[in-house]
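For reference, the structure is listed below as structure tokens.
What follows draws every value from the coordinates through simple rules; no lab data is involved. Predicted model, so just to flag it, every value in this text is computed and none were measured. Methodologically, a virtual Cβ is constructed for each residue, glycine included, from the backbone with ideal geometry; neighbour enumeration extends over all protein chains shown.
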Amino acid sequence: MNFTILRFDTLESTNTEALNQAKKGAAEGLCIVADRQTSGRGRHGRVWISEKDAGLYFSLILRPQIEMRFLPLITLMSAVAISETLKSLGLNPDIKWVNDIHINGKKICGVLAETTETVKGLSVVVGIGINLKSSNFPPEISEIATSFEAELGKICDKEILLEKLTHFLQTYYEILKNENGAEKIRLEWVARSSYAFGKSVKAVLENETIFGTTCGIEENGALRVETETGEIRVINAGDVENLRPQI
Ligand code: BTN
């Protein structure tokens, strides 16, 4: 896959732009980057605050030729690539299921993967937001979010971050597409996430809330949670929160 980077000063959302470009037939590997977003989107309809140069706002167009049942693994693959990127820049990341990246329990990066039908078949847009500065966090997220600035005392150069990110996305996407790729990505994810096993969690689903302990992931990346009654529940979508503070 060849990466082509299209840069913008301001966009509503890099994901919206990438979805539009994908619909028009843009090639796999097109990356949309903006200095600022006016309607940055998070998961579950949340807003992703995107002040100028306070973060990296990035969306990648993929046209994955993988079995449909493994499509959710694209988000796990992205989390692994981001984790490696941050590690290479001196941070110690953890992946919170399914694809939030945390440093010492605080979120530094979120991923929003969206699919669309296009003239060239199904496309997946992987949108990644990485916090560079903390100065623009509103009070309600300043306790739960972090940034390069907060962790390392300096902002990471955006171009270096972008170069490393595209490098690792390329590496792990190739792994996912090759033989036993799904299994390999699951193992890579499990190796980088404290949420894979033995984490006491609360999973907020559309119609219910489940309490239990994590016990691995399914072949499509869904999270397995053992409840107090010993039942194994499989979480495909929803928010999962750690119940116990880290020691
Ligand atoms: C989340 O954790 O809720 C996902 C956040 C994803 C934010 C990124 S920023 C670049 C891309 N464009 C968007 O509108 N959202 C994603």
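Given a Förster distance of 30 angstrom, what is the FRET efficiency for residue 171 paired with residue 197, based on the Cβ-Cβ distance and rounded to 0.05?
It comes to 0.75.
Applying 1/(1 + (r/R0)^6) with R0 = 25 Å to the Cβ-Cβ distance of residue 104 and residue 211, what FRET efficiency is obtained, to the nearest 0.05?
Numbers: r = 24 Å, r/R0 = 0.95.
Efficiency at R0 = 25 Å is approximately 0.55.
Each Cα pair of the chain feeds into the Kirkwood radius, which the Stokes-Einstein equation turns, at 10 °C and 1.306 mPa s, into a diffusion coefficient of 87 µm²/s. Short to long, the 5 Å bins of the Cα pair-distance histogram for region 189-247 hold 4, 20, 32, 27, 13, 3, 0 percent of all pairs. Suppose each label sits 7 Å from its Cα in the direction of the beta carbon; what would the residue 218-residue 10 distance come out to in nanometres? Going from the residue 218 label point to the residue 10 one covers 4.4 nm.
Taking one quarter of the surface of the C-alpha convex hull of region 1-104 gives a mean projected area of 7.6 nm². Computed extension length for residue 117-residue 154: 9.3 nm, one decimal, from 0.36 nm per residue of separation with the Cα-Cα distance subtracted.
The length gained by stretching the chain between residue 141 and residue 51 to full extension, at 0.36 nm per residue less their Cα-Cα distance, is 30.9 nm.
Extent along the principal axes, Cα only, for region 155-203: 37, 35, 17 Å, with the longest axis given first. Within a straight-line Cα-Cα reach of under 24 Å, residue 184 can be paired with the following lysines, leaving aside sequence neighbours fewer than 8 residues apart in one chain: 87, 96, 164, 199. Contact order for region 164-213, expressed relative to its length and based on alpha carbon pairs under 8 Å spaced 6+ residues apart, stands at 19 percent. Exposure proxy for 96, 133, 24: other Cβ atoms within 10 Å of each Cβ, ordered fewest to most, give 24, 133, 96.
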